[in-house]
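Have a look at the structure below before the remarks.
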Amino acid sequence: MKRLNCIVVFDKGKEHILFCRRTKDPYKDLYNFVGGKVEPGEDSADAAYRELYEETGIRRSEIHLSRFMDLTYYQQDFVLEMYVGQLHKEVTPVPEKNPLLWLPLTEDFANPKRFAGDQNIAHIVNVALMFHLPEPACITEGTFIGVDGCRDGWIAAVILDGQLRIEFYQTMEDLLAAYPDPDRVLIDMAIGLPYSCDDLRPDNEARKLLGRKGSSIFPIPSKAAVYADGEEKQKEANRSALGKSLSKQSIAIIPKLRQLDSFMIKHLEYQDKISESHPEVCFACLAGSPLLSNKKDFFGLTERTAVMASFLPDATMELILRTVEEMKQAHVKCAADDVADAICLALTACLDQQGKTRTIPEKPEPNRDRLLMQMIIPSL
């Protein structure tokens, strides 16, 4: 069955709807919604954004589209996928072929002498008006990346001009080669390793924010431990520098810490672009309190996805599970919570661009490598 789409576009004040005047049959000289064909194998939402841009010049970063109903025409053998969205700012549409016009909600959309669709348009408008339109915080132009480590490399959630995508990179060099000039990158890995107990890391303050979930923030190994070879030498180096040994969790992340630390020291130009954060702290700030559920359980993952979706509607359980399956097929081992964590950090990176974050500690200090020891977290 063929797929077509129609898009109901409200202006910023939700007082007008964008229509095109058909220059060809069917419905020549009548007003209709913008829209078009969904290509074979094309994602439904991607098709809606593509058609909207082609016909009006409205970009994905300027509107969030929600699919609110389908109309199935069995005899004609096609499905009409209906999308609705409200512009986030004043936009002047640019017509492709059909002239465009903003019409007020006071119009008689059932008038068959003015509107196409055999009076379906009036029904569609009424349903669209009742649909709850989210007010996403992350629809803005720019490149915002959240990075979480996985067994084989790095999971990167990229919000590019309002569009969320999930990608995999083996190294940070590979990631920055793909996005050499990002607006903001937040990573769930320590930046600014401690040389001694005198170095003020953000970890203790972050644990206090999480309360009972504070144990999810692992102790960060010392600089000497990260660059020592072998588990015993790493533990010994950490005892010498920080006065304590290392847990299995801390030892497990040493290869990633070493890779990131080496990259940041070599590329100090990225210090204002790439910062440390922590997903569980960000989730707590976004939700208003720490999430006590286990993020590896289905309920915990669902809870975290719901928190993100209120700010970033494209962050869905479907996307997370589909990504895990695609990674598996590509022989990349990652868990669903790795993907969710990366998305949460990308969301926080976007909020940072809008001035809706803060640092812990409030006045971060650099370590001996001139790397700021801080976490960027939401402040809403």
Selected residue (criterion: nearest to the chain's Cα centre (by Cα)) from residues of the stretch 186-200 that are in a loop (DSSP other than H, G, I, E, B) and within 17 Å of VAL147 (Cβ to Cβ): ASP188
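Mind checking which strands (runs of 3 or more DSSP E) fall wholly inside the stretch 66-122 and carry at least 1 residues that are more than 17 Å from ALA48 (Cβ to Cβ) and not β-branched (Val, Ile, Thr)?
Details: elements: 66-73, 78-86, 100-104.
Those strands (runs of 3 or more DSSP E) span 66-73, 100-104.
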Return the only residue of ASP337, ASP314 being within 30 Å of TYR83 (Cα to Cα) and outside any loop (DSSP other than H, G, I, E, B). ASP337
Which condition from (1) under 27 Å from the mean Cα position of the chain (by Cα); (2) of a type in the set (A, V, I, L, M); (3) part of a loop (DSSP other than H, G, I, E, B) is the one that ALA228 breaks? (1)
Tally the residues that are among the hydrophobic types (A, V, I, L, M, F, W, C) and either outside any strand (DSSP E or B) or over 16 Å from LEU345 (Cα atoms) (or both), restricting the search to the stretch 157-172. 1
Here is a check on your reading of the model: is SER247 touching a Phe, Trp or Tyr at 6+ places or on another chain (Cβ under 8 Å), at pLDDT below 95, assigned by TED's automatic domain parsing to the domain that holds LYS213 and among the hydroxyl-bearing types (Ser, Thr, Tyr)? no
Flag for GLU42 being within 24 Å of the chain's Cα centre (by Cα), assigned to a loop (DSSP other than H, G, I, E, B), surrounded by fewer than 17 Cβ atoms within 10 Å (Cβ to Cβ) and not assigned by TED's automatic domain parsing to the domain that holds ASP188: yes
Matching residues, the stretch 201-220, being at pLDDT 95 or above and either in a loop (DSSP other than H, G, I, E, B) or β-branched (Val, Ile, Thr) (or both): ARG201, PRO202, ILE220
Filtering the stretch 21-35 down to residues that are surrounded by 17 or more Cβ atoms within 10 Å (Cβ to Cβ) and either among the hydrophobic types (A, V, I, L, M, F, W, C) or more than 27 Å from the chain's Cα centre (by Cα) (or both) yields ARG21, ARG22, LEU30, TYR31, ASN32, PHE33, VAL34
Within the stretch 17-39, restricting to residues that are touching a residue at least 60 places away in the same chain (Cβ under 8 Å) and not in a loop (DSSP other than H, G, I, E, B), the one that is nearest to ASN5 (Cα to Cα) is VAL34
Looking only at the stretch 347-380, filter to residues that are of a type in the set (Gly, Ala, Ser) and out of contact with any Leu (no Cβ under 7 Å at 6 or more places or on another chain); which one of those is surrounded by the fewest Cβ atoms within 10 Å (Cβ to Cβ)? GLY355
Single condition GLU55 does not satisfy, out of (1) among the acidic types (Asp, Glu); (2) in contact with a strand residue (DSSP E or B) (Cβ under 6 Å, 6 or more places away or on another chain); (3) surrounded by 15 or more Cβ atoms within 10 Å (Cβ to Cβ); (4) not in a helix (DSSP H, G or I): (4)
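The values are calculated or read from the model by the stated rules, or taken from the named source; none is laboratory data. These numbers were taken from a predicted model, which means no experiment stands behind them. Methodologically, a virtual Cβ is constructed for each residue, glycine included, from the backbone with ideal geometry; neighbour enumeration extends over all protein chains shown.
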